[in-house]
1. What strands (runs of 3 or more DSSP E) lie completely within the range A:172-262 and have 1 or more residues being over 27 Å from A:Ala131 (Cα atoms)?
2. Can you tell me how many residues within the range A:166-201 are polar (S, T, N, Q) and either buried (at least 20 other Cβ atoms within 10 Å of the Cβ) or touching a Lys or Arg at 6+ places or on another chain (Cβ under 8 Å) (or both)?
3. Please specify each residue of the range B:70-108 satisfying the condition of being within 16 Å of the chain's Cα centre (by Cα), surrounded by 13 or more Cβ atoms within 10 Å (Cβ to Cβ) and more than 11 Å from B:Ala145 (Cβ to Cβ).
4. Out of curiosity, is B:Gln218 more than 14 Å from chain A (Cβ to nearest Cβ), in contact (Cβ under 8 Å) with a residue 12 or more places away in the chain, assigned to a helix (DSSP H, G or I) and exposed (fewer than 15 other Cβ atoms within 10 Å of the Cβ)?
5. Go through (1) in a helix (DSSP H, G or I); (2) surrounded by fewer than 14 Cβ atoms within 10 Å (Cβ to Cβ) for B:Val62 and report which single condition fails.
6. Can you spot a residue in the range B:177-184 that is crowded, with 23+ Cβ neighbours inside 10 Å, more than 14 Å from chain A (Cβ to nearest Cβ), more than 19 Å from the chain's Cα centre (by Cα) and in contact (Cβ under 8 Å) with a residue 12 or more places away in the chain?
7. I'm trying to understand the selection: among the residues of the range B:2-13, which are surrounded by 10 or more Cβ atoms within 10 Å (Cβ to Cβ), without any contact (Cβ under 8 Å) to a residue 40 or more places away in the chain and in a helix (DSSP H, G or I)?
8. Picking from A:Gly151, A:Gly137, which residue would you name as being among the small types (Gly, Ala, Ser) and over 25 Å from B:Val155 (Cβ atoms)?
Amino acid sequence: MSSQVTGTASDVAVEITGLTKSFGPLQVLRGIDLRVNRGEVVCVIGPSGSGKSTLLRCVNLLEEPDGGTVIVDGVDLTDPDCDIDSARRRIGMVFQSFNLFAHLNVLNNLTIAQRKVLGRDRAAAQEIALANLERVGLSEKANSLPNQLSGGQQQRVAIARALSMDPDVMLFDEPTSALDPELVGDVLNVMRKLAIEGMTMLVVTHEMLFAREVADKVLFMDGGLIVEEGPPDQVIGDPQQERTRTFLARVLNPIGQREGDG
Amino acid sequence: MALSKRKRAQVFRGVQYAILVAVIVIVAFTANWGRIADAFLDAEAAGGMFPGVLTVGLKNTVIYTALGFSFGVVLGLILALMRLSSVRVYRVLAAIYIEFFRGLPALLVILAVGTAIPLAFPGVILDKYVALMLALGIVGGAYMAETFRAGLQAVPAGQVEAARSLGMSTTKTNTWVVIPQAFKIILPPLTNELILLTKDSSLALFLGSTVDEYELTQYGRVALNQFRSLTPVLVAGVCYLIITIPLSYLSRYLERRTGGKKISSPESTGLEVAA
């Protein structure tokens, strides 16, 4: 009995209900319901300003929601009594602009939170850090400073940094949007590998091919609402909503659109 | 005029040099150099100041400055964090403190500390070193708070978000991510602050002191009366420069190393715009 209860609870990694968020007069999220099951990869697509990044940032409370609940691993983050710092340990986040700690080398970027937050000793933290650098293919960069790395390498280090905390869920906020086109592939490969290994991932992205290939579920957001959701072949391959079709037409064929405008 | 822009700039620069040369020539011919030399270059008076000017004067100047600076750094850091706090009362208190003590002459604060503390706590014998540490720190802290605040705010918000997303508390984020990065940014202005405090330590002479407590300026003043010569002023001045010029170089070096603002060349100063 009890195992069944924990069984169902642990099937759901992220459960969001009725999430609303405004910035001043601008309502960015107008009631979002979302469930991410354990081991699932959910991609969020949509035009800029649709609220996708805000949604993601509400999952680890970098943005404080105005209403609704965010439950991660059975912990209600929107409960005022929730210890948000301890909840965030289990939620890895990867930013568009990498945000590696500029004053620390790669190895220390990966160990600082392990040591100061999880209380691991230096040796243990370094061992885990090196293993994760290996995972993203950057073992030889352990002693480099962030500004000595390319954007793609920085982003892979950022992924390794989040992984070093042994997260249950990984959030990706447009991880390849700031990268030169030729560097996007390396980062997507790392993310693809993570997905195959069974990591629970919530990804805000403009990479439709990646979403189509890797995602278990795709959400299309516009105007602070989820307009359409389903398997990628349906949402990206055969969208039911007019707004989704318009967006996809623009993203997948930007040059044709421009000629159409002219 | 039909002069080109470049030609006009050349003429303007020529005029500047001519004025400079004229001023130097006038001063050189009108001043009584003999009397200046007699007053300021008295070898006997200069010799009589050693080694005390170094072992007492210079030493105490360095000690007063170091104590005041250390206290000021701690106070300034606390004030800066209060200015940036989410608690409104802290912000207001820090702002009041900074505006208040930035607006007062250091001399008044030194006198106030030197007199108010013995009045307020009758049992306490206020050591001169402690009094100066407090006074210089109180004034320096107000300035440094603004330096620290600017430095802390210069650390990109993304760094804080990354730290928080890894589960670091606000305190841990500040300790391990924000302050170390802000430190690099504020090192050059902080060095300038140290130079200002070095000079402000001369105000110590307005508090009574024993011979052992003389700093450079007071040492010079006493020697001035003793030798009936102005030479001690020159000697004390040189001693200050021995401290401050290396600090200036250090500040410029740090600025360059941390990729701070480049030192502007003469071509890029406001004068050229006026031309």
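1. A:217-222, A:225-230
2. The number of residues fulfilling the criteria is 2.
3. Answer for the range B:70-108, where residues must be within 16 Å of the chain's Cα centre (by Cα), surrounded by 13 or more Cβ atoms within 10 Å (Cβ to Cβ) and more than 11 Å from B:Ala145 (Cβ to Cβ): B:Ser70, B:Phe71, B:Leu104, B:Ala106, B:Leu107.
4. no
5. Failing condition for B:Val62: (2).
6. No; the residues of the range B:177-184 include none that is crowded, with 23+ Cβ neighbours inside 10 Å, more than 14 Å from chain A (Cβ to nearest Cβ), more than 19 Å from the chain's Cα centre (by Cα) and in contact (Cβ under 8 Å) with a residue 12 or more places away in the chain.
7. The answer is B:Lys7, B:Gln10, B:Val11.
8. A:Gly137
The values are calculated or read from the model by the stated rules, or taken from the named source; none is laboratory data. All of these numbers come straight from a predicted model, not from anything done at the bench. Note that we place each Cβ from the backbone using ideal geometry, even for glycine, and neighbour counts take in every protein chain shown.
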